[in-house]
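The values are calculated or read from the model by the stated rules, or taken from the named source; none is laboratory data. As the structure is a computational prediction, the values presented were derived from the model and not from experiment. Here the Cβ positions follow ideal geometry from the backbone for every residue, glycine too, while neighbour counts run over all protein chains shown. Surface accessibility is based on the protein's heavy atoms, side chains included, excluding ligands, DNA and RNA. Shrake-Rupley method; radii C 1.70, N 1.55, O 1.52, S 1.80 Å.
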Amino acid sequence: MNAKNLIKGRIHYVGVNDRSKHLFEALWPLPGGVSYNSYLIDDEAVTLIDTVDVCYFEVFLEKIRSIIGERPIQYLVINHMEPDHSGSIRLIKHHYPDITIVGNKQTFGMIEGFYGIHDDHFLEVRDNDSLTLGHHTLRFYLTPMVHWPETMMTFDETEGALFSGDAFGCFGTVDGGFLDTRINTDRYRDEMIRYYSNIVGKYGMPVQRALQKLSALDIQIICSTHGPVWTDQRCQVIDLYDRMSRYEADKGVVIAYGSMYGNTEQMAETIAAELSNEGIRDIAMHNVSKTHASYILADIFKYRGLIIGSPTYSGQLYPDVDFLLSRILLREVKGRLLGYFGSYCWASAAAKRLGEFADKSKFQLVGQPVEMKQAITPAVTEQCEQLARNMAAALNAQTIA
Ligand SMILES: Cc1cc2nc3c(=O)[nH]c(=O)nc-3n(C[C@H](O)[C@H](O)[C@H](O)COP(=O)(O)O)c2cc1C
Ligand SMILES: [Fe+2]
Ligand SMILES: [Fe+2]
């Protein structure tokens, strides 16, 4: 038996690392790669929890065999059907034809749709159902829309291990070790925020409902489908999810702006300098043409203040600013303090469009929007500084409250 991949008791890690993919979901940059985690419980009834991206099937199968040899797998639990996890179902079934797939009502329609599998080897579970594997007992919790409708979590009552699907997951491969106690986990925190804000972020309420459901469990280990296995740091991870799904954020300001020739950027610099003067320490400035929107969104989930700036471009917002705003609205981010500024040369449109965004977002508008024609002047500088002072005051007032 291969003991290197042991997590606790009879639970083994059989996930894989992807250091080749550039964009997760063909959208989100992966500078540190990503892992697809799967887990094997080597009980009387051998049980596999989720699979991996099909590109890594051979590595996956070898990991499974290094633990159970030629013995069969009895159950395959499917917590989530997104193909980064379900992609190997068909090949697993090919190698283990008698395997029983465990899922909920929503799971099986997707298995048939994606993989053409429809047989009588399905075991349908409902919320709170349990399954005994011998030594271990699994209990299933339906957690719809975290972040797909069929998502569920599986709790191993014997070891206190929660197989949570994408929840509590993050970008970044697991290099060498996968247990939080054996690796430096610093780099994963920001990547958990980026994963959450871009992929799960729209579903704050369903995440809150899931956390509520899990609150009675004595969770010792969190086995998510991406990133490290959380043991000692499990409480911090749950706390982070709780805060993000309530759209709670720290005192700080994101300034996201577009600028072709540097004039709008001067407004952003002026605002940032005055925010700093007013004692705001966390100021995240992003030129939207340079920083990928996924990082800007992560910062918007982190900080309560948001200031957006845009030049007018063909009677519209600057395209990359427009793109960012649509991403923010898509995620239904709540509870931010918003300020904005726009520029133009001959016929202004940016400030008006930003005003429309302010209405749609339902964010609390702070200060007076600033408009600039062509280049910065002492009067515009003063207006930018006033906007910054209003933002700092609003942040401080919230902190005291
Ligand atoms: C392709 C293009 C389209 C533009 N369209 C408009 C426009 O419709 N109305 C306007 O007033 N200015 C327009 N401008 C001018 C810029 O909005 C204006 O010069 C702005 O101050 C540029 O800010 P920046 O120096 O931060 O890039 C356009 C500029 C470019 C390059
Ligand atoms: Fe997913
Ligand atoms: Fe995933």
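Of the residues Glu44, Glu82, only one is assigned by TED's automatic domain parsing to the domain that holds Tyr141, more than 27 Å from Asp190 (Cβ to Cβ) and acidic (Asp, Glu); which?
Glu44
Is it the case, given these coordinates, that Thr158 is away from ligand 2 (no atom under 13 Å from the Cβ) and open to solvent by less than 10 Å² (accessible area, probe 1.4 Å)?
The answer is no for Thr158.
What pairs can you find where one residue is in the stretch 377-401 and part of a helix (DSSP H, G or I), the other is at pLDDT 95 or above and basic (Lys, Arg), and their Cβ atoms are less than 7 Å apart, with a gap of 6+ or different chains?
If the second residue must be at pLDDT 95 or above and basic (Lys, Arg), the pairs left are Leu395/Lys251; Leu395/Arg304; Gln398/Arg304; Thr399/Lys251.
Could you say which residue among Ile78, Ile73 is of a type in the set (Val, Ile, Thr) and crowded, with 23+ Cβ neighbours inside 10 Å?
Going through Ile78, Ile73 in turn, the sole match is Ile78.
Among the residues of the stretch 58-92, write down those that are closer than 24 Å to Arg126 by Cβ and of a type in the set (S, T, N, Q).
Gln74, Asn79, Ser86
Kindly indicate whether Asp250 is in contact (Cβ under 8 Å) with a residue 40 or more places away in the chain, charged (D, E, K, R) and more than 19 Å from Gln398 (Cα to Cα).
Answer is no for this residue.
For the subset of the stretch 167-206 comprising residues that are of a type in the set (Gly, Ala, Ser) and either open to solvent by less than 70 Å² (accessible area, probe 1.4 Å) or not in a loop (DSSP other than H, G, I, E, B) (or both), which member is farthest from ligand 2 (Cβ to nearest atom)?
Among residues in the stretch 167-206 that are of a type in the set (Gly, Ala, Ser) and either open to solvent by less than 70 Å² (accessible area, probe 1.4 Å) or not in a loop (DSSP other than H, G, I, E, B) (or both), the one farthest from ligand 2 (Cβ to nearest atom) is Gly177.
Go through Val54, Val77 for me and flag whichever is free of Cβ contacts under 8 Å to residues at least 40 places away in the same chain and out of contact with any Cys (no Cβ under 9 Å at 6 or more places or on another chain).
Val54
Which ones in the stretch 245-271 are open to solvent by less than 10 Å² (accessible area, probe 1.4 Å) and more than 22 Å from Gly335 (Cβ to Cβ)?
Passing the criteria: Gly258, Thr264, Met267, Ala268.
Under the condition of being within 16 Å of ligand 2 (Cβ to nearest atom) and small (Gly, Ala, Ser), which residue from the stretch 207-229 is farthest from Leu40 (Cα to Cα)?
Here the residue is Ala210.
Which of the residues spanning the stretch 43-93 are in a loop (DSSP other than H, G, I, E, B), closer than 23 Å to Asn128 by Cα and more than 15 Å from ligand 3 (Cβ to nearest atom)?
Correct list: Asp43, Glu44, Ala45, Val46, Gln74.
Can you pull out every residue in the stretch 207-244 that is of a type in the set (Val, Ile, Thr), closer than 28 Å to Pro83 by Cβ and open to solvent by less than 40 Å² (accessible area, probe 1.4 Å)?
Scanning the stretch 207-244 gives Val207, Ile219, Ile221, Ile222, Thr225, Val229, Val237.
Within the stretch 282-308, track down each residue that is assigned to a helix (DSSP H, G or I) and either aliphatic (A, V, I, L, M) or on the phi > 0 side of the Ramachandran plot (or both).
Hits for the stretch 282-308 are Ala293, Ile296, Leu297, Ala298, Ile300.
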